[in-house]
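Q: My structure is below; once you've seen it, I'll send some questions.
Please treat every number below as a calculation from the coordinates, not as lab data. The structure displayed is predicted, hence computed values, not measured ones. Neighbour counts run over all protein chains shown; Cβ positions are idealised from the backbone, glycine included.
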């Protein structure tokens, strides 16, 4: 039974991701998802309370992949660590982007906004001492997130390598 529930949840997430290629997050309905996933409406509501819950689950999947990499690097000045993180992000986001965010700015914004909120929740747990310790990571991450958004929305014309080198010119300045 647990495997079956996991399978239905997976079908729902896959259907939602496919729909995100076609339309804005705000335009997707439960009917769209159940029709695309070929499941009963009751199956949807057995697994999720809303479309927002599905999107949060998708964000959690992506976030889980990167959180272990992000937190230690955010406050560091380790150039190699930042380069590795940026390469990971510029390669990983397009992977998820190509299967579900389309080029719709609102979908990219929704994903990255939710990921940023999750990062802030985790950050609240650490007791920062100085203004620099408290804000430097978020400043750098805001820079990175906004550049990734713009890059994805513009169709990823530059290579990840070019983007990493570009972002590093800012990261190394503060």
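Q: Report the normalised scattering of the range 31-78 as log10 I(q)/I(0) at q = 0.16, 0.19 Å⁻¹, calculated by the Debye formula with identical scatterers on the alpha carbons.
A: At q = 0.16, 0.19 Å⁻¹ the computed log10 ratios are -0.58, -0.68.
Q: Another question, if that's okay. Cut-off is 10 Å between beta-carbons; in what order do 12, 39 appear when sorted fewest neighbours first?
A: With the sparsest Cβ surroundings first, the list reads 39, 12.
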